[in-house]
Amino acid sequence: FVRMYAPCDPESYALWLGAVVERYDGDGIDDMPGLQYPIRYWEIGNEPDMQSSSHMLFQGTSMDYLNLLKLSYETIKSVDSEAKVLIAAPSKFTTEVVDFWEPILEGGSHYFAIGNMHSLQGSDDFHASDYQGLLESSGSKDKPFWITEAGVFMAGQALEQEALSRVTIPNYASAFANGADVVFRLSR
């Protein structure tokens, strides 16, 4: 897990990220040969709050992630002003996870355009209302948000198609009613 920390050399990281964004921004300057569709959405990390011994996607504090988010946002926007930055998604909605995210959302409102969440737990709205509340309480209430992993599983197992539709369709409707702009279904 040595390589899962925030960049040890922020300047080198910014140069690398800027080159990646330039390669895929579709402006005709240093683009990937044959690029047909520019990349406009950039997610900074994945579930950085997940720091258990069995699953670790980022090693660091809330402030470490906030610094990474800020550096990434400023770098991306300096290369492609049309790009949209998504904040990484919380792994779940527990007290510990919310505690990790509160200082990031409070201090990082200017460093992301779109909120982001995952929901693989049972919830009638994929926890959209919980995430909307977290955005509102942290000063990011006007930010749109996406659910980039929405899963409906019973006892960890995927449902049969008919049962899945009876649960998923109302959950999608509730998620949209509670503020989600986009929902991506995660299937197993």
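As a test of the formula, what do you get for the chain when each DSSP H run with n ≥ 4 contributes -39,500 (n - 2.57) and the sum is divided by the residue count, at 222 nm and rounded to the nearest 500 deg cm²/dmol?
Counting only the DSSP helices, I get -12500 deg cm²/dmol.
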Of the residues Ala89, Trp101, Phe126, the Cα lying farthest along the dipole of the range 83-139 towards its positive end, which is defined by charges on the beta carbon of Lys, Arg, Asp and Glu, belongs to Ala89
Computed accessible area, Lys70, all protein chains, 1.4 angstrom probe, square angstrom | 80 Å²
If Ser129, Ser140 are ordered by their accessible area, calculated over protein heavy atoms with a 1.4 Å probe, which sequence runs from highest to lowest?
-> Ser129, Ser140
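Could you work out the relative contact order of the chain? I mean the mean sequence separation of Cα pairs under 8 Å and 6+ apart, divided by the number of residues, in percent. Display every interim value, and only then the final one.
Working: 306 pairs, mean separation 32.4, N = 188.
Relative CO of the chain lands at 17 percent.
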Tell me, in nm to one decimal, what length is gained between Tyr5 and Leu186 on full extension, where the rule is 0.36 nm per residue of separation less the Cα-Cα distance?
-> 62.5 nm
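For the range 75-188, give the share of DSSP beta bridges that are antiparallel, in percent and rounded to the nearest 5; count only bridges with both residues there.
Of those bridges, close to 15 percent are antiparallel.
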Quick calc, the range 74-117, dipole around Cα centre from Cβ unit charges on Lys, Arg (+) and Asp, Glu (-), nearest 20 debye, gives 160 debye
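Under unit Cβ charges (Lys, Arg +1; Asp, Glu -1), what dipole magnitude, rounded to 20 debye, does the chain have relative to its Cα centre?
In debye, rounded to 20, the chain gives about 340.
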Looking only at lysines whose Cα falls under 19 Å of Lys77's and that sit 8 or more positions away or on another chain, we get Lys143
Using 0.36 nm per residue of separation minus the Cα-Cα distance, give me the extension gain between Glu106 and Ser174 in nm, one decimal.
-> 21.9 nm
Let me know the Kirkwood hydrodynamic radius for the chain, please, with Cα pairs as the basis and the value in Å to one decimal.
-> 17.7 Å
Ser119's amide H: which non-local residues (gap 5+, or another chain) put their own amide H closer than 5 Å, with H modeled 1.01 Å from N in plane and none for Pro or chain starts?
-> Glu149, Ala150, Gly151
Using a Förster distance of 35 Å, the FRET efficiency for Met63-Arg166 (Cβ separation, nearest 0.05) = 0.20
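The values are calculated or read from the model by the stated rules, or taken from the named source; none is laboratory data. What you see is a predicted model, and the numbers here were worked out from it, not measured in a lab. A quick note on method: Cβ atoms are made from the backbone with ideal geometry, for glycine too, and the neighbour counts reach across all protein chains shown. What goes into the accessible areas is simple: the full protein's heavy atoms, side chains included, and nothing from ligands, DNA or RNA. Shrake-Rupley method; radii C 1.70, N 1.55, O 1.52, S 1.80 Å.
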